[in-house]
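These notes are about the structure you will find just below.
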Amino acid sequence: MSDPRKLYIKTYGCQMNVYDSERMTEAMTGAGYVGTDSAGDADLILLNTCHIREKAAEKVYSELGRFRALKDANPDLRIGVAGCVAQAEGEEIMRRQPLVDLVVGPQSYHRLPEMEARARAGEKALDTDFPEEDKFDALKRRPRAKRGPTAFLTVQEGCDKFCAFCVVPYTRGAEASRPATRVLEEARDLVERGVREITLLGQNVNAYHGAGEGGDWSLARLIRALAEIDGLERIRFTTSHPNDMSDDLIEAHGTCAKLMPYLHLPVQSGSDRILKRMNRKHTAEGYVRLIERIRAARPDILISGDFIVGFPEETEADFQDTLNLVEEVGYGTAYSFKYSTRPGTPAAERAQVDAAEADARLQRLQALLTRQQRAVQESMVGREVGVLFEKPGRLPGQMVGKSDYLHAVHVAGSGIAPGDIRRVRITESGPNSLAGVAL
Ligand code: SAH
Ligand code: SF4
Ligand code: F3S
């Protein structure tokens with residue numbers, strides 16, 4: 001047995017899982033572990049999983065199968081499954097895959113050190129509770145460890161919206177917000193450790209309503225307080241729901257200089273009939289008017305979105321409405337998915353769209369979105385943007401970072417260090433990134 005033990009975490013799914021994995025790593029560091037990038041060296045392997053689409057969930061079982069040889073070679077190896085598949089199918093995982101020693105749902109991570117000890121003693125440890133206490137308050141931190149220039153910070157979890165296609169309300173539980181005081185504390189600590197940009201996370205981050213001075217704070221109020229922190233230069237948030245885009249948050253996009261001009265605001269469909277069947281509780285028109293108000297507050301804001309095609313009962317006319325909405329909004333970037341039937345969700349019971357038809361629609365939508373994305377990237381050429389540099393690029397002497405609009409930007413990096421924010425003139429637009437010169 002090696003000393004200290006090594007932890008390997010593989011993370012799937014959304015940014016909230018990335019944040020959770022960081023926090024689990026920190027907590028296990030307190031329990032005598034160090035992180036490793038290689039599953040082959042590990043004494044504990046954790047898969048932090050995603051249940052959002054069928055493919056994502058199936059990956060877990062194929063990945064687990066590959067660990068058999070590692071376990072044969074190292075009987076002390078323990079294997080755990082965390083995240084949304086753990087929550088949704090924990091007991092089935094234990095049944096289907098005897099290699100698994102530990103299953104921990106997303107709201108129980110603070111119990112991980114104790115569960116690991118039980119697994120090490122030869123028990124099977126499973127915890128998919130929705131405990132009263134806040135896992136983030138209970139999870140151990142490593143306050144002084146150095147960090148890179150960007151960080152995620154989860155401020156809100158869970159969802160009460162119950163879109164008819166979505167597993168999140170079941171895997172993450174009811175909507176809840178972390179106290180503003182805790183968020184500010186954590187943000188200050190991140191900044192002391194070298195962080196210059198924080199992305200606030202939540203499944204419905206703009207539904208945030210955490211306890212702060214003088215009562216519950218909105219996300220806009222939290223952002224304004226974060227903007228007061230010296231050394232924190234950039235603030236972002238994701239993912240938002242159109243119905244929680246309050247006036248004060250729209251206004252913050254116009255008045256808070258540290259709030260970056262990029263907003264991920266999923267609409268899912270441009271057809272009112274489908275939106276209704278999805279239980280989205282807004283219309284296509286309402287969404288387009290909302291974007292107009294946001295753009296009035298911050299004209300250069302880049303809008304991003306999520307789309308589902310082939311939702312049950314979607315007709316060609318419904319799909320055309322989606323294409324029309326995309327044309328009208330003009331996205332800087334967007335993610336589109338073929339509807340995936342999720343067990344236990346209302347839409348799973350309905351008439352499914354022919355798979356080949358759904359594939360064809362997805363390709364048509366993606367072609368349009370790619371055109372828009374390219375056009376927006378090309379419109380950056382000749383402009384001057386702020387870039388937060390993160391790391392050396394692939395070519396010698398190159399540095400890469402993200403623009404205010406979240407485009408990847410690389411420059412010939414004489415004298416630029418990770419964490420530097422520089423004005424950059426964009427000179428070229430490639431398929432996935434921009435090139436520029438630092439001014
Ligand atoms: N909370 C966020 C998104 C969560 S999941 C929101 O409300 O927008 C991220 C994206 O996955 C969703 O926006 C949706 O586009 C997609 N998605 C969710 N369930 C899906 C399903 N069953 N099939 C295909 N895509 C799905
Ligand atoms: Fe899922 Fe809808 Fe909640 Fe987003 S708002 S997490 S899509 S149920
Ligand atoms: Fe996936 Fe769970 Fe995130 S289902 S998208 S990991 S909230």
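Things worth noting here:
- Any hit, the range 31-40, residues being in a helix (DSSP H, G or I) and either under 23 Å from the mean Cα position of the chain (by Cα) or more than 16 Å from ligand 2 (Cβ to nearest atom) (or both): yes
- From 291, 274, 308, 301, residue being among the hydrophobic types (A, V, I, L, M, F, W, C), away from ligand 1 (no atom under 16 Å from the Cβ) and touching a residue at least 12 places away in the same chain (Cβ under 8 Å): 301
- Among the residues of the range 97-115, those that are out of contact with any helix residue (DSSP H, G or I) (no Cβ under 7 Å at 6 or more places or on another chain) and either surrounded by fewer than 20 Cβ atoms within 10 Å (Cβ to Cβ) or touching a residue at least 60 places away in the same chain (Cβ under 8 Å) (or both) comprise 98, 114.
- The set of residues in the range 65-89 that are on the phi > 0 side of the Ramachandran plot and more than 16 Å from ligand 2 (Cβ to nearest atom) is empty.
- Qualifying positions in the range 210-235 - among the charged types (D, E, K, R) and either more than 28 Å from residue 306 (Cβ to Cβ) or within 16 Å of ligand 2 (Cβ to nearest atom) (or both): 213, 228, 230
- Members of the range 320-342 found to be within 16 Å of ligand 1 (Cβ to nearest atom) and either modelled with pLDDT under 95 or under 22 Å from the mean Cα position of the chain (by Cα) (or both), listed by number: 331, 333, 334, 335, 336, 337, 338, 339, 340, 341, 342
- Scanning the range 7-27 for residues that are closer than 24 Å to residue 72 by Cβ and either buried (at least 18 other Cβ atoms within 10 Å of the Cβ) or modelled with pLDDT under 95 (or both) gives 7, 8, 9.
- Taken together, 233, 213, 228 contain a single residue that is farther than 16 Å from residue 19 by Cβ, at pLDDT below 95, charged (D, E, K, R) and in the same structural domain as residue 304 (by TED's automatic domain parsing), which is 213.
- Exactly one residue out of 149, 169 is within 16 Å of ligand 1 (Cβ to nearest atom) and over 27 Å from residue 214 (Cα atoms), and it is 169.
- Identification of strands (runs of 3 or more DSSP E) wholly contained in the range 132-219 with 1 or more residues that are surrounded by fewer than 19 Cβ atoms within 10 Å (Cβ to Cβ) and free of Cβ contacts under 8 Å to residues at least 12 places away in the same chain yields 215-218.
- Top-ranked residue in the range 1-23 [being within 13 Å of ligand 3 (Cβ to nearest atom) and in a helix (DSSP H, G or I); ranked as farthest from residue 205 (Cα to Cα)]: 21
- Only a single criterion out of (1) assigned to a helix (DSSP H, G or I); (2) more than 16 Å from ligand 2 (Cβ to nearest atom); (3) out of contact with any Pro (no Cβ under 7 Å at 6 or more places or on another chain) is not satisfied by residue 100, namely (1).
- Against the numbered list (1) among the acidic types (Asp, Glu); (2) out of contact with any strand residue (DSSP E or B) (no Cβ under 9 Å at 6 or more places or on another chain); (3) within 16 Å of ligand 1 (Cβ to nearest atom), residue 157 comes up short only at (2).
- Wholly within the range 329-439, strands (runs of 3 or more DSSP E) carrying at least 1 residues that are surrounded by fewer than 19 Cβ atoms within 10 Å (Cβ to Cβ) and not aliphatic (A, V, I, L, M): 333-338, 384-392, 398-403, 421-429
The values are calculated or read from the model by the stated rules, or taken from the named source; none is laboratory data. Given the structure is predicted, the values throughout are model-derived calculations rather than measurements. Backbone-built Cβ (ideal geometry, glycine too); neighbour counts: all protein chains shown.
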